[in-house]
Amino acid sequence: MATNNYNLWMIKEGHKALAKLFKERSDYHLGVGGCGAETPWTTSPPVPNFDAVAMLEEFGRRKVTQVSYAEEDAGGDIGWDGSLWSTTTSVTRHVYLKFAFETDEAVNLNVYQVAIFVGTVPQGIVPPGQFYLEPADVLEAGTIMYSQYIVPRIFSEFEKPVFEFILTF
């Protein structure tokens with residue numbers, strides 16, 4: 001049996017092609033949840049389980065508000081991972097996701113975890129224009145792509161929480 005001793009590297013255009021596939025999707029949702037059976041944390045969140053297929057305790061999920069390409073930009077207005085970014089119409093290997101909650105979504109919940117899902121399918125009974133789904137509103141959960149445990153925060157009816165992420169391919 002012959003062995004391949006050569007490394008196969010994805011080149012820049014391959015990364016951009018992957019980003020383009022994900023940028024064209026509109027079925028992203030941001031799940032918000034509690035700590036489940038885990039010991040509640042107050043300052044230093046633990047590292048999420050790399051093998052997770054669901055959230056610890058899901059309260060609901062918000063449909064994506066904006067999907068764009070992104071590029072590092074010293075004058076940008078999106079802070080991510082120690083850098084500033086801007087959205088762009090040019091194809092890059094970075095996809096920007098923005099999830100903007102309304103004041104009546106996920107109110108009074110103590111949120112310990114957020115997670116990005118792709119492929120969520122709502123129940124047929126969800127009215128058009130309803131962008132926040134409770135667990136009973138979800139027909140198919142989709143795939144959990146990213147998970148982050150956060151310092152707990154309570155969503156208030158007096159705020160509109162916004163979460164922004166840069167996905168790099």
*Which residue, chosen from W85, S44, G129, occupies the Cα position most advanced towards the positive end of the dipole of the chain, where the dipole is computed from +1 (Lys, Arg) and -1 (Asp, Glu) charges on Cβ about the Cα centre?*
W85
*Mind pulling the angle between the C-alpha long axis of helix 12-23 and the longest principal axis of the chain? Nearest 10 degrees, somewhere in 0 to 90.*
30 degrees
_In whole Hz and in residue order, list the ³J(HN,Hα) couplings for segment 90-100 that follow from phi through the Karplus curve 6.51 cos²θ - 1.76 cosθ + 1.60, θ = phi - 60°; x for Gly and Pro._
6, 5, 10, 8, 10, 10, 9, 10, 10, 10, 10
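Based on Cβ point charges of +1 for Lys and Arg and -1 for Asp and Glu, what charge dipole magnitude is obtained for the chain about its Cα centre, in debye rounded to the nearest 20?
On the way: 12 positive and 21 negative charges, 108 e Å.
My answer is approximately 520 debye.
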_Hits among aspartates and glutamates - C-alpha to C-alpha of K63 under 12 Å, sequence gap 8 or more where chains match_ = D27, E102, E105, E134
*What relative contact order, as a whole-number percentage, does the chain give when Cα pairs under 8 Å and 6 or more residues apart are counted?*
29 percent
*Distant-in-sequence amide H partners of I78 (H built 1.01 Å from N, under 5 Å)*: W85
*Among G60, L18, F163, pick out the residue whose Cα is farthest towards the positive end of the charge dipole of segment 12-168, where Lys and Arg carry +1 and Asp and Glu carry -1 on C-beta, about the Cα centre.*
L18
*segment 1-66: GluC sites (Glu not before Pro) in DSSP coil with no more than 16 other Cβ atoms inside 10 Å*: E24, E38
*Which label in [x] 47, 37, 34; [y] 56, 45, 39; [z] 104, 61, 24 gives the computed Cα extents along the principal axes in Å*: [y]
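Quick note: the coordinates plus some simple rules give every number you see, no bench work behind them. Because the structure is a prediction, the values reported are computed rather than measured. Virtual Cβ from ideal backbone geometry, glycine too; neighbours counted across all protein chains shown.
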